[in-house]
Protein chains: 2
Amino acid sequence: MNFADRLNQMLVLLGYVMVDVAVIGAGQTKFGNHKLGLKGMWAEAAENAYSSVDLDFEPRQIDEAFIGSVAFGGSQLGNTAALLTEHSGLDGIPVRRVENACASSGFALRDAWMAIKSGQADIVVAGGIEKMNDLSAERKRFWLGVSGDTEWERLAGLTFPGTYALMARRHFHEHDSSHDDLVHISVKNHMHGFENEHAHIRKQVSFEKAESGFMVADPLTLYDCCPTSDGASCVILAADHVARQFTEDPVWIRSSGAASDRLALHDRPSVTQLLATQKAAKAAYSAAGLTANDIDLAEVHDCFTIAELMATEDLGFTDHGQGGVFAREGRGVRNEGAVCINPSGGLKSKGHPLGATGTGQAVEVFKQLRGTVEDSRQVRDAETGLTHNVGGSGATCAVHIFGRERNG
Amino acid sequence: MNFADRLNQMLVLLGYVMVDVAVIGAGQTKFGNHKLGLKGMWAEAAENAYSSVDLDFEPRQIDEAFIGSVAFGGSQLGNTAALLTEHSGLDGIPVRRVENACASSGFALRDAWMAIKSGQADIVVAGGIEKMNDLSAERKRFWLGVSGDTEWERLAGLTFPGTYALMARRHFHEHDSSHDDLVHISVKNHMHGFENEHAHIRKQVSFEKAESGFMVADPLTLYDCCPTSDGASCVILAADHVARQFTEDPVWIRSSGAASDRLALHDRPSVTQLLATQKAAKAAYSAAGLTANDIDLAEVHDCFTIAELMATEDLGFTDHGQGGVFAREGRGVRNEGAVCINPSGGLKSKGHPLGATGTGQAVEVFKQLRGTVEDSRQVRDAETGLTHNVGGSGATCAVHIFGRERNG
């Protein structure tokens, strides 16, 4: 133990805290249509996370839990966090549900990270869950719809595909982009997800097929829209001073950035940029001392292909307005571009169980950085990864940066 | 600045954090039946909190927000936190909804407190909101009901009054207690709330009247049950190193304790004790270096009078089994007993807008400790206060201790 480590340990003991946060385990269910109920799905995701911890670990060592879910109460069950706690060996600890539309578990992750950094907890679970297919078509529309603006958009008939279609049309108008660029994104994400055993839609899609999908909201076709999935995901975080008890191979959370924006499109200065993403990314890069150039892989929130196109710009992987060129040139393809965008298949192929999506992204990054995904899916030399989880049509956003290395 | 302060400042600058958390402002709407919608109620509570800050303060100085709500999606609106953000001058900051049944804003407060202790934010809002009277009778029953156990209790017909009636019957069976003791609690809380301008039900109730209320769930009558209210509440927290910019009279959060328990009564070793309350209280007392004897006033979660009786035991104000005697002897009456229980009138009189209740308790304690409640309601020599917020029939609990003094 060198002098800095000794000083750090002494100060931690005195109550002065400067804690780095490690991911020591992560797991999820397959995303898709589940026969398992909510409790069974959560238990499976938690068990997969527990068993991914390398060394001796018992769930009763967990101090606190944060669980993201949007429509949990849309089923017959409630008091989500305490209910799931019972079914995953987490007896008696402080637990709560975090709800932030489709960014629910991105914020659960942020809050779990802060709980450890506060010095109040050493081992914390962040997770998420959704069972979309338990909901009636009407309730499903409701829970998706209320995440955007209600008074000016939803109640006037604008659904999410329509919202993102407006963004796409405007992007095509302002910049060098077209629907073909979105098709490239769809084809890439289906290719990435094809070999992911946890993905909802595992099929290769040709450019011609994705180009001629049936129209959902012009210009977005079926191949531009993610499915609504069932699923659960769970990550286990630990403070630096205990992490080595559980693994010799931790992944570090180098930073967390988050932000919000107006719900309604007409209240924003631009509909081709998500300010919440830009702010969250800026905060995360700054805290980690990194730039977009340092990121090897990114799980971005592609609820629609245009959302991924915009995310590549807002996260700084390409310049504003250049997202179409980025997609067309295949710069997000695994082991071909400088950064792999959505190695899991993204929401488009891996699936989108609203509350489970954010920590699901973290599961993928954890496995990629540890080299434990299927060989054919492995991003080579992956040292640094990013997750990007969006709520509504950009009203909230959480960005996390993960690394094999701790901050310098 | 003495040596310890200098050392502290130096370590904070170096990234070593040991932050005490102050409440610098707090406000709420009246609880009751509101004509204002959700956004208007939140704006009013936030404005009342902002204007309670003594020195120059702008909402744009706030770094992050945590907002508790249970049934928000039961209205036509969603994406709660971002939506409310727009209506209270909090543009662009990280915000999320915290949902934990009736303990939602007790946990929002805990999470806001941890955000500051993590060193990631200096000024954080914790709040809560609910508009019960926007919900149909059916949806109201649903949102209340799902907070308890569903599969063995709710779907078998057991509603919350029934759950707490079981606890009361068992307490009367095991201990020296009877329904008369519950009547004393009801009379006290109505007396305390009578002069509270923010209370839902402002009327004095005689022992005879409360004794003969119509039966809801034997032995609980109307006078044993809290109303369901509309309302919003908001507290502003600040890190010690910035708090003095905003007030020379901060109230300190001395500690936060929280816990969970099984949802179903049959899964607990006793139905006359809430283990989650006991654990949360133990953690809070221990972290503050205090005992129940040090508490001058406590806002406890009296959704039913029997819940207050049990809370006086579980929080250590009297021995286990002695809650009936405590109530009967008037030991929780303002300026008569050693501790004032529910100076606001509690859920029984002040009202219970689910998600707004936890931070509403904190508003009362803040004002009592600063001496800014109505003169007739002032607890004399109030130095230390406690809030106790319960979710479901005891599945989750958050306890906070507030003081004029910081921890020693």
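All but one of (1) among the β-branched types (Val, Ile, Thr); (2) outside any loop (DSSP other than H, G, I, E, B); (3) touching a helix residue (DSSP H, G or I) at 6+ places or on another chain (Cβ under 6 Å) hold for A:Thr163; state the number of the condition that does not hold.
Here A:Thr163 meets the rest and fails (3).
Of the conditions (1) buried (at least 17 other Cβ atoms within 10 Å of the Cβ); (2) modelled with pLDDT of 95 or more; (3) on the phi < 0 side of the Ramachandran plot, A:Gly32 fails just one. Which one is it?
Single failed check for A:Gly32: (3).
Among the residues of the range A:358-392, how many are over 17 Å from A:Ser69 (Cα atoms) and touching a Phe, Trp or Tyr at 6+ places or on another chain (Cβ under 8 Å)?
Summing the residues that are over 17 Å from A:Ser69 (Cα atoms) and touching a Phe, Trp or Tyr at 6+ places or on another chain (Cβ under 8 Å) in the range A:358-392 gives 7.
Checking A:Asp314 against (1) crowded, with 24+ Cβ neighbours inside 10 Å; (2) closer than 23 Å to A:Glu44 by Cα, only one condition comes out false. Which one?
(2)
Just checking, does the range A:134-157 include any residue being modelled with pLDDT of 95 or more and under 22 Å from the mean Cα position of the chain (by Cα)?
No, the range A:134-157 contains no residue that is modelled with pLDDT of 95 or more and under 22 Å from the mean Cα position of the chain (by Cα).
Can you say whether B:Ala217 is farther than 30 Å from B:Leu90 by Cα, hydrophobic (A, V, I, L, M, F, W, C) and modelled with pLDDT of 95 or more, as far as the supplied structure shows?
Here the answer is yes, as B:Ala217 does meet what is asked.
Of all residues being more than 17 Å from B:Ala311 (Cβ to Cβ) and facing chain A (nearest Cβ under 8 Å) in the range B:257-283, which is surrounded by the fewest Cβ atoms within 10 Å (Cβ to Cβ)? Just the residue, please.
If we take residues in the range B:257-283 being more than 17 Å from B:Ala311 (Cβ to Cβ) and facing chain A (nearest Cβ under 8 Å), then B:Asp267 is surrounded by the fewest Cβ atoms within 10 Å (Cβ to Cβ).
So if I check each of A:Phe194, A:Phe160, which one is within 27 Å of A:Glu364 (Cβ to Cβ), out of contact with any His (no Cβ under 7 Å at 6 or more places or on another chain) and surrounded by fewer than 20 Cβ atoms within 10 Å (Cβ to Cβ)?
A:Phe194
Under 7 Å between Cβ atoms, at least 6 apart or on separate chains: pull out the pairs that start in the range A:54-65 with a residue that is farther than 19 Å from A:Asp111 by Cα and end on any residue that is surrounded by fewer than 16 Cβ atoms within 10 Å (Cβ to Cβ) and small (Gly, Ala, Ser).
The qualifying pairs are A:Pro59/A:Gly89; A:Arg60/A:Gly89.
Just one of (1) closer than 22 Å to A:Asp176 by Cβ; (2) surrounded by fewer than 24 Cβ atoms within 10 Å (Cβ to Cβ) trips up A:Thr305, so point out which.
(2)
Do any helices (runs of 4 or more DSSP H) entirely within the range B:297-408 hold 3 or more residues that are aliphatic (A, V, I, L, M), and if so, which?
Answer list for the range B:297-408: B:305-314, B:357-370.
Please determine whether any residue of the range A:237-254 is within 30 Å of A:Ser136 (Cα to Cα) and modelled with pLDDT of 95 or more.
No; the residues of the range A:237-254 include none that is within 30 Å of A:Ser136 (Cα to Cα) and modelled with pLDDT of 95 or more.
If you take the residues in the range A:105-122 that are within 8 Å of chain B (Cβ to nearest Cβ) and charged (D, E, K, R), which one is surrounded by the fewest Cβ atoms within 10 Å (Cβ to Cβ)?
A:Lys117
Does at least one position in the range A:187-203 carry a residue that is assigned to a helix (DSSP H, G or I) and closer than 15 Å to A:Ala165 by Cα?
The answer is no; no qualifying residue exists.
For the condition under 25 Å from A:Ala82 (Cα atoms) and in contact with an Asp or Glu (Cβ under 8 Å, 6 or more places away or on another chain), what is the one hit in B:Glu299, B:Glu248?
Of the residues listed, the single one that is under 25 Å from A:Ala82 (Cα atoms) and in contact with an Asp or Glu (Cβ under 8 Å, 6 or more places away or on another chain) is B:Glu299.
Kindly check whether there is at least one residue in the range A:51-61 that is of a type in the set (Ser, Thr, Tyr), touching a helix residue (DSSP H, G or I) at 6+ places or on another chain (Cβ under 7 Å) and either outside any helix (DSSP H, G or I) or closer than 24 Å to A:Gly371 by Cα (or both).
No, that holds for no residue.
Among the residues of the range A:222-246, count how many are in contact (Cβ under 8 Å) with a residue 24 or more places away in the chain and more than 22 Å from A:Thr387 (Cα to Cα).
Going through the range A:222-246 one residue at a time, the tally reaches 5.
Can you go through A:Arg97, A:Arg169 and tell me which one is over 22 Å from A:Met41 (Cβ atoms) and either more than 11 Å from chain B (Cβ to nearest Cβ) or under 23 Å from the mean Cα position of the chain (by Cα) (or both)?
Every option except A:Arg169 fails the conditions.
Of the conditions (1) touching a residue at least 24 places away in the same chain (Cβ under 8 Å); (2) within 20 Å of A:Leu275 (Cβ to Cβ); (3) not in a loop (DSSP other than H, G, I, E, B), B:Ile93 fails just one. Which one is it?
Tallying (1) touching a residue at least 24 places away in the same chain (Cβ under 8 Å); (2) within 20 Å of A:Leu275 (Cβ to Cβ); (3) not in a loop (DSSP other than H, G, I, E, B), B:Ile93 fails exactly one: (3).
Among (1) surrounded by fewer than 24 Cβ atoms within 10 Å (Cβ to Cβ); (2) out of contact with any His (no Cβ under 6 Å at 6 or more places or on another chain), there is one condition A:Gly321 misses while meeting the rest; what is its number?
(2)
Under 8 Å between Cβ atoms, which residue pairs at least 6 apart in sequence (or on different chains) link something in the range B:332-354 that is acidic (Asp, Glu) with a partner that is in a loop (DSSP other than H, G, I, E, B) and at pLDDT 95 or above?
Taking only residues 6 or more apart or on different chains, the pairs are B:Glu336/B:Gly330.
On the given criteria, is A:Ala126 buried (at least 24 other Cβ atoms within 10 Å of the Cβ) and assigned to a helix (DSSP H, G or I)?
Spelling it out, it is not the case that A:Ala126 is buried (at least 24 other Cβ atoms within 10 Å of the Cβ) and assigned to a helix (DSSP H, G or I).
Filter the range B:69-82 down to residues that are over 21 Å from B:Lys140 (Cβ atoms) and not in a loop (DSSP other than H, G, I, E, B), then give me how many there are.
Residues flagged as over 21 Å from B:Lys140 (Cβ atoms) and not in a loop (DSSP other than H, G, I, E, B) within the range B:69-82 amount to 2.
Against the conditions (1) in contact (Cβ under 8 Å) with a residue 24 or more places away in the chain; (2) surrounded by 24 or more Cβ atoms within 10 Å (Cβ to Cβ), where does B:Phe326 fall short? Just the number, please.
With respect to (1) in contact (Cβ under 8 Å) with a residue 24 or more places away in the chain; (2) surrounded by 24 or more Cβ atoms within 10 Å (Cβ to Cβ), B:Phe326 is out only on (1).
Do we find a residue being assigned by TED's automatic domain parsing to the domain that holds B:Gln273, of a type in the set (Lys, Arg) and crowded, with 24+ Cβ neighbours inside 10 Å anywhere in the range B:379-389?
no
Regarding A:Leu135, is this residue more than 7 Å from chain B (Cβ to nearest Cβ), closer than 28 Å to A:Ala276 by Cβ, aliphatic (A, V, I, L, M) and crowded, with 24+ Cβ neighbours inside 10 Å?
Against the criterion (more than 7 Å from chain B (Cβ to nearest Cβ), closer than 28 Å to A:Ala276 by Cβ, aliphatic (A, V, I, L, M) and crowded, with 24+ Cβ neighbours inside 10 Å), A:Leu135 does not qualify.
May I ask you to verify whether A:Gln76 is surrounded by fewer than 24 Cβ atoms within 10 Å (Cβ to Cβ), facing another protein chain (nearest Cβ under 9 Å) and touching a strand residue (DSSP E or B) at 6+ places or on another chain (Cβ under 9 Å)?
No; evaluated as a whole, the condition is false for this residue.
Taking A:Leu38 and the conditions (1) at pLDDT below 95; (2) crowded, with 23+ Cβ neighbours inside 10 Å; (3) farther than 19 Å from A:Asp91 by Cβ, which numbered condition does it fall short on, given that it satisfies the others?
(3)
The values are calculated or read from the model by the stated rules, or taken from the named source; none is laboratory data. These numbers were taken from a predicted model, which means no experiment stands behind them. Counting neighbours? That spans all protein chains shown, and the Cβs are built from the backbone with ideal geometry, glycine included.
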